Amino acid sequence: MILGICACLLIVGLLLRRWRWSRTGTAALWLSALLVVLAGCGPLPRWLMSGLQSPYALRTDADWAQRNAIVLLGAGTERVSGDDIEPTLFAYGRIDTAAELYRSCHLADRDCKVLVSGGDPQHHGVAEAVVYGKVLERLGVPASDQIIEPRSASTWQNAQFSRPLLDGYQPERTWLVSSGLHLRRSLLYFAHFGIRPEPVRGDFMGATLSVWPSAWNLALTDAALHEYVGAWRYDVYEFMGWNAPKVK
């Protein structure tokens, strides 16, 4: 996304200079170069990620109720070989955190279910929720304490399709596990469907300040911009009346 923006500015700048708008064109060229430096060298993604992750940086001990639901959001799958499908690198922090919460709840002698939400948007032939569920079993979360939601293809659908499953279980408290940068938008969508969970980050990613632009910093910039755009789009859709009706 950020490289696309810079490329557009570069093209606009060259065209403006060709059309003899030299000052405006030069400004667009300098802005394109500045964005590459700020994004690739770390200052821009560090600022963007701070706004997304800082509220969820610290983890506190869970105050378990009698009935609890831990909602685990998917982060994709990878086809390793043949029919062997595994979670992506960025999914394991979420999965491990959900299993850790489940063990804490179990040790407190409380009733707890892990709702695993994620369909198959990458068309690997198996839902993320099913793949993650098998990993959770190896981490000590039995299938009997898992609720599988295998249809959602987006964060919006994670929230939409989780609502009836949570209604069926009727937890007193709900916990939402996702990446630190993803929680802000996830909470916004879940609140739209009447779900106000306690956020728990599964990972925390930071930019690296460097002299030369790095692919990691550019990727983080793209990921952060995706989250901000998703939140802005929700506000626009809500203003235009395009979102589904809110659920109390």
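Residues in segment 1-27 that are within 28 Å of the chain's Cα centre (by Cα) and open to solvent by 70 Å² or more (accessible area, probe 1.4 Å): Met1, Leu3, Ile5, Cys8. Report whether or not Ala99 is open to solvent by less than 70 Å² (accessible area, probe 1.4 Å), within 17 Å of Thr155 (Cα to Cα), touching a Gly at 6+ places or on another chain (Cβ under 8 Å) and among the hydrophobic types (A, V, I, L, M, F, W, C). No: the conditions fail for Ala99.
Residues that are aliphatic (A, V, I, L, M), within 25 Å of Gln122 (Cα to Cα) and open to solvent by 70 Å² or more (accessible area, probe 1.4 Å) occur at least once in segment 210-219. Within segment 191-209, being part of a loop (DSSP other than H, G, I, E, B) and surrounded by fewer than 17 Cβ atoms within 10 Å (Cβ to Cβ) holds for Gly194, Arg196, Phe204, Gly206, Thr208, Leu209.
Yes/no per residue for (1) open to solvent by 40 Å² or more (accessible area, probe 1.4 Å); (2) touching a Gly at 6+ places or on another chain (Cβ under 6 Å):
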| position | (1), (2) |
| --- | --- |
| Val135 | no, no |
| Pro142 | yes, no |
| Ser152 | no, yes |
| Gln157 | yes, no |
| Pro164 | yes, no |
| Arg173 | yes, no |
| Val177 | no, yes |
| Gly180 | no, no |
| Leu183 | no, no |
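Can you find even one residue in segment 169-179 that is within 23 Å of Gln53 (Cα to Cα) and not in a strand (DSSP E or B)? For segment 169-179, residues within 23 Å of Gln53 (Cα to Cα) and not in a strand (DSSP E or B): present. Filtered by the rule that a residue be within 21 Å of the chain's Cα centre (by Cα) and open to solvent by less than 100 Å² (accessible area, probe 1.4 Å), segment 230-243 gives Gly230, Ala231, Tyr234, Asp235, Val236, Tyr237, Glu238, Asn243. Scanning segment 43-92 for residues being of a type in the set (S, T, N, Q), within 12 Å of Gly180 (Cα to Cα) and without any contact (Cβ under 8 Å) to a residue 24 or more places away in the chain gives a total of 2. Taking the conditions (1) surrounded by 20 or more Cβ atoms within 10 Å (Cβ to Cβ); (2) assigned to a helix (DSSP H, G or I) in turn, Ala223 satisfies each one other than (1).
One line per residue, one yes/no per condition, for (1) of a type in the set (Val, Ile, Thr); (2) open to solvent by less than 60 Å² (accessible area, probe 1.4 Å); (3) in contact with a helix residue (DSSP H, G or I) (Cβ under 7 Å, 6 or more places away or on another chain); (4) over 30 Å from Ile148 (Cβ atoms):
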| position | (1), (2), (3), (4) |
| --- | --- |
| Leu29 | no, yes, yes, yes |
| Leu34 | no, no, no, yes |
| Asp63 | no, no, no, no |
| Gln66 | no, no, no, no |
| Leu72 | no, yes, yes, no |
| Val80 | yes, no, no, no |
| Pro87 | no, yes, yes, no |
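The values are calculated or read from the model by the stated rules, or taken from the named source; none is laboratory data. Here the structure is a predicted model, which is why all the values come from computation and not from measurement. Here Cβ is always computed from backbone atoms with ideal geometry, including for glycine, and neighbour counts include all displayed protein chains. Just the protein is used for accessible areas: all its heavy atoms, side chains included, with ligands, DNA and RNA removed. Shrake-Rupley method; radii C 1.70, N 1.55, O 1.52, S 1.80 Å.
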